Number of protein chains: 2
Amino acid sequence: MPTTDTGGSSVRRDAETTKAAILRAARHFLARQPHADITLKAVAERAGVSPPLILKYFGNKDTLFTQVMSFETDASALLDTPLDDLGRHMVRQVLVSQTQQGADPLLRIVFAPLHGDRGDILRDNFRTQVTARLAARLSGPDAGLRAELALGTLLGLGVMFGIARGTRLRATDIETIVERYAPAVQAQLTP
Amino acid sequence: MPTTDTGGSSVRRDAETTKAAILRAARHFLARQPHADITLKAVAERAGVSPPLILKYFGNKDTLFTQVMSFETDASALLDTPLDDLGRHMVRQVLVSQTQQGADPLLRIVFAPLHGDRGDILRDNFRTQVTARLAARLSGPDAGLRAELALGTLLGLGVMFGIARGTRLRATDIETIVERYAPAVQAQLTP
């Protein structure tokens, strides 16, 4: 039980907790709707803070979203599993995330604007933080292409679940979908 | 060679040609960007007509886009092939459409707003005009679910090509991708 410096570290912890809550709120919206439709006010409300506090920590909406546009955290959760079970793991991650949080680890790439800097940042992040990281784990020819096809398959599942809202898909239990869909992903990973 | 009524029918034909050009232009934009970002002026320019002429034929932007939000034409091109070659045909259609026209037969569902009438219209159209139509052609159990998973797989290819812009995917010839990706689609159609 620590007895010294409690005050200082709890202040630091509070600031980190608040920042994390703001990032989580921003990520929540960015996984569900286009950047342009998201207001600082909505992010602040969801994080339980005031809009000025967001500005204090992050400067402005753009710097906040630049941090949120990173796929690093989601890529870790999505990819850190032995390769021979990775297809199943990735499909399960998408479905659990969609079902339990209404979010998706990859889907915000879908909301990337087709023109302009913000879309290009998202695309670059997706390439380096997700595609390249997956490709680096694959052996055999055309690892880069196979990583893209595997991720495309996963993205499509997220679109069908979260945007097209397929009624059968949403009514089926996760493990059944994993059984049926993961082989297509795994076939790209370990052909 | 028709000798009567030429004047009348050519006027009618001109009107139909113009309407078709307007719909084509609207569809062009809707396959590439969110509805809210599309202006009547841009549609008019692309169709080679004046904005007032669009209003004359279609009333307003919303009535125009309601017609464009139909997937009927694309669904026909996508689905009208014998079942045992349908997976390959669908993958090829997506890639040819993306490569040659920068469009995608299904991708505008991705731009469906998550809230509001317009998104719901698009989702309903997608369900009745694409998913249900495909499901009706499948035999065996869970045809509805399998149709959704097959279409999800296709949507993901479109997202990876057109939005995430996977560099390997875009650098690979279409038939190679068909070889590698179509089995995942076909596995849902004829398991």
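The values are calculated or read from the model by the stated rules, or taken from the named source; none is laboratory data. None of these values were measured; they are calculated from a predicted model. Cβ placement follows ideal geometry from the backbone for every residue including glycine, while neighbour counts extend to all protein chains displayed. Surface accessibility is based on the protein's heavy atoms, side chains included, excluding ligands, DNA and RNA. Shrake-Rupley method; radii C 1.70, N 1.55, O 1.52, S 1.80 Å.
State whether one or more residues within the stretch B:83-100 are out of contact with any His (no Cβ under 6 Å at 6 or more places or on another chain) and in a loop (DSSP other than H, G, I, E, B). Looking for residues that are out of contact with any His (no Cβ under 6 Å at 6 or more places or on another chain) and in a loop (DSSP other than H, G, I, E, B), one finds none in the stretch B:83-100, hence no.
Of the numbered conditions (1) touching a residue at least 40 places away in the same chain (Cβ under 8 Å); (2) of a type in the set (Lys, Arg); (3) within 26 Å of B:Ala182 (Cβ to Cβ), A:Arg118 fails exactly one; give the number of that condition. Of (1) touching a residue at least 40 places away in the same chain (Cβ under 8 Å); (2) of a type in the set (Lys, Arg); (3) within 26 Å of B:Ala182 (Cβ to Cβ), only one is false for A:Arg118: (3).
Here is a yes/no grid of residues against (1) at pLDDT 85 or above; (2) out of contact with any Cys (no Cβ under 9 Å at 6 or more places or on another chain); (3) of a type in the set (S, T, N, Q):
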| residue | (1), (2), (3) |
| --- | --- |
| B:Thr6 | no, yes, yes |
| B:Ala31 | no, yes, no |
| B:Lys41 | yes, yes, no |
| B:Ala44 | yes, yes, no |
| B:Lys56 | yes, yes, no |
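Taken over the stretch A:155-191, the residue count meeting the criterion of being open to solvent by less than 10 Å² (accessible area, probe 1.4 Å), within 7 Å of chain B (Cβ to nearest Cβ) and assigned to a helix (DSSP H, G or I) is 7. In this structure, does A:Gly140 turn out to be more than 19 Å from A:Arg32 (Cα to Cα) and assigned to a loop (DSSP other than H, G, I, E, B)? For A:Gly140, the condition - more than 19 Å from A:Arg32 (Cα to Cα) and assigned to a loop (DSSP other than H, G, I, E, B) - is met.
Checking each residue in the stretch B:30-57 for being within 14 Å of chain A (Cβ to nearest Cβ), surrounded by 15 or more Cβ atoms within 10 Å (Cβ to Cβ) and assigned to a helix (DSSP H, G or I) picks out B:Leu30, B:His35, B:Asp37, B:Ala42.
Restricting the stretch B:65-82 to residues that are open to solvent by less than 10 Å² (accessible area, probe 1.4 Å) and not in a loop (DSSP other than H, G, I, E, B), the residue that is nearest to B:Ala21 (Cα to Cα) is B:Val68.
Among the residues of the stretch A:112-129, those that are more than 9 Å from chain B (Cβ to nearest Cβ) and either buried (at least 18 other Cβ atoms within 10 Å of the Cβ) or not in a loop (DSSP other than H, G, I, E, B) (or both) comprise A:Asp117, A:Arg118, A:Asp120, A:Ile121, A:Asp124, A:Asn125, A:Thr128, A:Gln129.
Could you please let me know if A:Ile109 is crowded, with 22+ Cβ neighbours inside 10 Å and either part of a loop (DSSP other than H, G, I, E, B) or outside the structural domain of A:Ala132 (by TED's automatic domain parsing) (or both)? So A:Ile109 does not fit the description; no.
Just to be sure before I move on: is B:Arg27 at pLDDT below 90, assigned to a helix (DSSP H, G or I), basic (Lys, Arg) and crowded, with 16+ Cβ neighbours inside 10 Å in the structure I sent? For B:Arg27, the condition - at pLDDT below 90, assigned to a helix (DSSP H, G or I), basic (Lys, Arg) and crowded, with 16+ Cβ neighbours inside 10 Å - is met.
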